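The values are calculated or read from the model by the stated rules, or taken from the named source; none is laboratory data. Since the model is a prediction, treat every value here as computed from it, not as a measurement. Note that each Cβ is placed from the backbone with ideal geometry, even for glycine, and that neighbours are counted across all protein chains shown.
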Amino acid sequence: MKVEVRRSLSSRIPAEIVDGNLELGVISFDPHDERLLAKVIFTDKLAFVVWPGHALAQREQIVLADLAGETFIAHNVVSPYREAVVREFQRQGVPLNMPVEMPTVETIRRLVQAQLGVAFLPTMCVEQDLEAGSLVAVNVKEMQMERKIYLLRPSKRVLSYAAAAFMDLLG
């Protein structure tokens, strides 16, 4: 048996499964495609993170307007969560200064730690930093966003023994 894990843009994974190039996929949105079955396997939250010495780091809760003028470091991959953040800033009439876009969450984390900006990141990606105190999460009243992680599989194609066993493991 051979298990291969590949990294790809989330937007491409549903088509790869439908085309038979992948048996299973993990993404952070429901593609709403009848050719696929999507099962929530993890629920996370989007966290607003700053470095420990940032002016907002000592506050328990802020409002979106408090973020006007902050320099945001964003993920350069379009996602439903990025779009929701941008939309909420627009809806609230708060300017969103996003001059820095990076390809990985790891790079964004490090740039925030280096005091080069602030970011919205999945909590699961910054848990260790929050526990270690190298990043601080600040509650933004208007940005309570749940983030679901979905396991995708084809709805009509039979899974291999290995893929079926993996699905059974997940329950």
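For the stretch 152-162, a tally of residues being more than 10 Å from residue 36 (Cα to Cα) and crowded, with 17+ Cβ neighbours inside 10 Å returns 0.
Listed by first and then second residue, the pairs with beta-carbon distance under 9 Å, at least 6 apart or on different chains, first residue in the stretch 18-31 and in contact (Cβ under 8 Å) with a residue 12 or more places away in the chain and over 20 Å from residue 79 (Cβ atoms), second hydroxyl-bearing (Ser, Thr, Tyr) and outside any strand (DSSP E or B), are 23/160. Can we say residue 60 is closer than 17 Å to residue 135 by Cβ and surrounded by fewer than 14 Cβ atoms within 10 Å (Cβ to Cβ)? Yes, satisfied. If the condition is being closer than 15 Å to residue 71 by Cβ and more than 20 Å from the chain's Cα centre (by Cα), then the stretch 84-101 contributes 94, 95.
The combined condition, being over 20 Å from the mean Cα position of the chain (by Cα) and of a type outside the set (Asp, Glu), is not fulfilled by residue 111. When residue 77 is tested against (1) within 30 Å of residue 34 (Cα to Cα); (2) free of Cβ contacts under 8 Å to residues at least 40 places away in the same chain; (3) not hydroxyl-bearing (Ser, Thr, Tyr), exactly one condition is not met: (2). A count restricted to the stretch 19-37 and to residues that are more than 17 Å from the chain's Cα centre (by Cα) and either among the small types (Gly, Ala, Ser) or under 18 Å from residue 4 (Cα atoms) (or both) stands at 6.
The one condition from (1) over 16 Å from residue 137 (Cα atoms); (2) modelled with pLDDT under 95; (3) of a type outside the set (A, V, I, L, M, F, W, C) that residue 60 does not meet is (1).
Taking residues in the stretch 97-108 that are farther than 8 Å from residue 72 by Cβ, and partners anywhere that are assigned to a helix (DSSP H, G or I), the pairs with Cβ atoms closer than 6 Å and at least 6 places apart or on different chains are 102/108; 105/125. When residue 47 is evaluated against the numbered criteria (1) touching an Asp or Glu at 6+ places or on another chain (Cβ under 8 Å); (2) among the hydrophobic types (A, V, I, L, M, F, W, C); (3) modelled with pLDDT of 95 or more; (4) buried (at least 19 other Cβ atoms within 10 Å of the Cβ), which criterion, by number, is the only one it fails? Result: residue 47 passes all but (1). The criterion of at least 1 residues that are in the same structural domain as residue 65 (by TED's automatic domain parsing) and at pLDDT 95 or above is met by the following helices (runs of 4 or more DSSP H) wholly inside the stretch 98-171: 105-113, 123-132.
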